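Working notes, structure below.
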Amino acid sequence: QVQLVESGGGLVQAGGSLRLSCAASRRTFTHYAMGWFRQAPGKEREFVAAISSGGLNTYYSDSVKGRFTIARDNAKNTVYLQMSSLKPEDTAVYYCATRSGSSYYTPKAYQNWGQGTQVTVSS
């Protein structure tokens, strides 16, 4: 089991930036592709971004492509989500998770979820 702890959320005005971090408890973190998901009130959890275990391949939802950047530092057991040009519709709880399935895009392919960090974007 890998324990994950997200941080970096907060309240920001539209157009602003935030950087989320997801720290893993075990060095076996480096074996996993990692994903970021988000869930707004009354909505299903949705894919945001993912990164392969070595960091060479990244994947984004259409809604964040060009605004968000996912990266990882395996020496620090940490994955990041740099969010820029934030919009009110980005408001959600953001979760990181380790990928265990074959898809990058569905929550069912992930395990070891963190507790989430709230991001609120005001208009």
If you go through the stretch 79-91 one residue at a time, how many are in a strand (DSSP E or B) and surrounded by fewer than 18 Cβ atoms within 10 Å (Cβ to Cβ)? 1
Assuming residue 71 fulfils every condition listed in (1) among the hydrophobic types (A, V, I, L, M, F, W, C); (2) at pLDDT 95 or above; (3) crowded, with 21+ Cβ neighbours inside 10 Å apart from one, which condition is it? (3)
Contact list please: Cβ distance under 8 Å, first residue in the stretch 95-111 and free of Cβ contacts under 8 Å to residues at least 24 places away in the same chain, second residue loosely packed, with under 14 Cβ neighbours inside 10 Å and not in a loop (DSSP other than H, G, I, E, B), pairs at least six apart or on different chains. 101/108
Residue ranges of strands (runs of 3 or more DSSP E) in the stretch 18-57 with at least 3 members of a type in the set (Phe, Trp, Tyr), open to solvent by 30 Å² or more (accessible area, probe 1.4 Å) and at pLDDT 95 or above: none
When you check residue 121 against the structure, is it in contact with an Asp or Glu (Cβ under 8 Å, 6 or more places away or on another chain), among the aliphatic types (A, V, I, L, M) and in contact (Cβ under 8 Å) with a residue 60 or more places away in the chain, yes or no? yes
Scanning the stretch 1-17 for residues that are over 21 Å from residue 86 (Cβ atoms) and buried (at least 16 other Cβ atoms within 10 Å of the Cβ), the one modelled with the lowest pLDDT turns out to be 2
When the stretch 92-116 is examined, which residues are found to be part of a strand (DSSP E or B) and open to solvent by 60 Å² or more (accessible area, probe 1.4 Å)? 111
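The values are calculated or read from the model by the stated rules, or taken from the named source; none is laboratory data. The structure displayed is predicted, hence computed values, not measured ones. Quick reminder, even Gly has a Cβ in these numbers, built from the backbone with ideal geometry, and neighbours come from all protein chains shown. The protein model used for the area step is the full one, side chains on, heavy atoms only, and it has no ligands, DNA or RNA in it. Shrake-Rupley method; radii C 1.70, N 1.55, O 1.52, S 1.80 Å.
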